[in-house]
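The values are calculated or read from the model by the stated rules, or taken from the named source; none is laboratory data. If you're wondering where the values come from, they're calculated on a predicted model, not measured in any experiment. Cβ sites come from the backbone with ideal geometry, for glycine too, and all protein chains shown count toward neighbours.
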Amino acid sequence: MPDRSHIVVVEDEPVTRMTLTSYLDAQGYRTSEAEDSSELDAILQHDPADLLIIDINLAGKDGLEITRELRAVSEIGIILVSARSDDVDRIVGLELGADDYVVKPFNKRELLARAKNLLRRTQAARQLTRNVRHFDGFQLDLSGRWLTSREGDLVPLTRAEFELLKILTMHPGLVLSRERLMQGITHRSDGVNERTADVLVRRLRAKLERDPRAPQINSTAHGEGYIFTAALE
Ligand code: CA
């Protein structure tokens, strides 16, 4: 799945700004451009960003000041861009909470590598705190107990369907017997009806699979049980 993270480039020099955003666009990211801190604020109000690339040398509030203000309220990823190669901006920037730092003229590929790295780190941190699992375009939030579809819509799940999906995603790639699934769903070890697992699996597939007759997410291990076969991202 392409990473559709939202990246905002804050830079007052139009050519540099547009070159960078079109490069990131071409890599599949969603990008926005801001000339200064007020444009950045306007963007963030409507469309929260996953990563900011901020030039230090801006008209009005400079990149360091923006970093300090944002860091006080947000864990968003920040890469600072400086025109100076000495260590002063770098140290101040990192002290203020920037995550990374590049010096002009920078290599776009190097910046991309740093951006990817940072996005991976912030996404992992977010998943950890929110306990969210991503697979095949779906998002399963185990704390909030909700599932969103590939289109971003909420998928209504019954309690049992939710518990079933939770157990499956907690053991990706492992065959889980009907008995084990039912124990996880009912939290009982005796008197569970294993046929119920088949019914629940069928209902879950109807909600998840592109083709429920050829399931890619929740496959059957014939004679043994079921297995979560989608890649967890
Ligand atoms: Ca500038």
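Yes or no, residue by residue, for (1) under 28 Å from His6 (Cα atoms); (2) in the same structural domain as Asp100 (by TED's automatic domain parsing):
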{"site": "Gln123", "(1), (2)": "yes, yes"}
{"site": "Gln139", "(1), (2)": "yes, no"}
{"site": "Leu168", "(1), (2)": "no, no"}
{"site": "His171", "(1), (2)": "no, no"}
{"site": "Arg180", "(1), (2)": "no, no"}
{"site": "Val192", "(1), (2)": "no, no"}
{"site": "Pro212", "(1), (2)": "no, no"}
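Of the listed requirements (1) loosely packed, with under 14 Cβ neighbours inside 10 Å; (2) part of a loop (DSSP other than H, G, I, E, B), Asp3 misses just one: (1).
In segment 62-87, how many are surrounded by fewer than 16 Cβ atoms within 10 Å (Cβ to Cβ), at pLDDT 90 or above and within 14 Å of the ligand (Cβ to nearest atom)?
Looking only at segment 62-87, we keep the residues that are surrounded by fewer than 16 Cβ atoms within 10 Å (Cβ to Cβ), and these are 65, 69, 71-75, 83-87.
Remaining after also requiring at pLDDT 90 or above: 65, 69.
Then keep just the ones that are within 14 Å of the ligand (Cβ to nearest atom); that gives 65.
Residues in segment 62-87 being surrounded by fewer than 16 Cβ atoms within 10 Å (Cβ to Cβ), at pLDDT 90 or above and within 14 Å of the ligand (Cβ to nearest atom): 1 in total.
Answer yes or no as to whether Ala206 is in a helix (DSSP H, G or I), small (Gly, Ala, Ser), surrounded by fewer than 19 Cβ atoms within 10 Å (Cβ to Cβ) and free of Cβ contacts under 8 Å to residues at least 60 places away in the same chain.
Values: in a helix (DSSP H, G or I): yes; small (Gly, Ala, Ser): yes; surrounded by fewer than 19 Cβ atoms within 10 Å (Cβ to Cβ): yes; free of Cβ contacts under 8 Å to residues at least 60 places away in the same chain: yes.
Yes.
Note on segment 134-162: among residues that are at pLDDT below 90 and in contact with a helix residue (DSSP H, G or I) (Cβ under 7 Å, 6 or more places away or on another chain), the one that is farthest from Arg205 (Cα to Cα) is Ser143.
Of the residues making up segment 88-104, just one is over 18 Å from Leu20 (Cβ atoms) and either within 14 Å of the ligand (Cβ to nearest atom) or in a strand (DSSP E or B) (or both), namely Asp89. Checking the stated criteria, Ser22 turns out not to satisfy the condition of being away from the ligand (no atom under 16 Å from the Cβ), of a type outside the set (Phe, Trp, Tyr) and under 16 Å from Ile78 (Cβ atoms).
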